[in-house]
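Heads up: the structure comes next, in structure tokens.
Nothing in this text is a laboratory measurement; each read-out follows from the coordinates by a stated rule. Worth saying up front: this structure is predicted, and the values here are computed from it rather than measured.
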Amino acid sequence: MDGVRIDKYLWAIRAFKTRTEATDACNGGKVKIGGSNCKPSRPLKIGEVIEVRKGSAVFTYKVLAFLEKRVGAALVADYAENLTPQSEIDKLHAPVETFFVRRERGAGRPTKKERRTIDALWDSFDSEE
């Protein structure tokens, strides 16, 4: 086998759930080889290092062998070496801070529940007339 398309390879080594996601990542500039963006149809060579940006983390894989079909997670190590540093993996598990500010009742716009109560009151006034 001369080479395999990069989108197919990334899907086969389980870097992406679907081949469409892998293709979209290549087209979106999230997949690089040698520091430059690559098209989804670019053929791979053994020994190349692929950088894949997923969210805030950049995963790095080294091509060890080609494969055309998706393999089980246990067999991926035979085809790709994961060179991703632990610091990049930790970025995915970083705590997400939410900035929810508690407001006092009656201040600002009504909540959905309060809006239902208000609407029910208006309906009761309309039915009395």
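Per 5 Å bin from zero, what fraction in whole % of the C-alpha pairs of region 1-74 is there, up to the bin with the longest pair?
The calculated distribution, bin by bin, is 3, 18, 31, 29, 14, 3, 0.
If you build a Gaussian network model of the chain, linking Cα atoms that sit under 10 Å apart, which residue out of Glu51, Glu104, Glu88 swings the most?
The residue that fluctuates most here is Glu104.
In deg cm²/dmol, rounded to 500, what helix-only [θ] at 222 nm does the chain give when every DSSP H run of at least 4 residues adds -39500 (n - 2.57) and the total is split over its residues?
Counting only the DSSP helices, I get -9000 deg cm²/dmol.
Using only the Cα atoms of the chain, what semi-axes does the equivalent ellipsoid have when each is the square root of 5 times a gyration tensor eigenvalue? Give whole Å, largest first.
52, 18, 13
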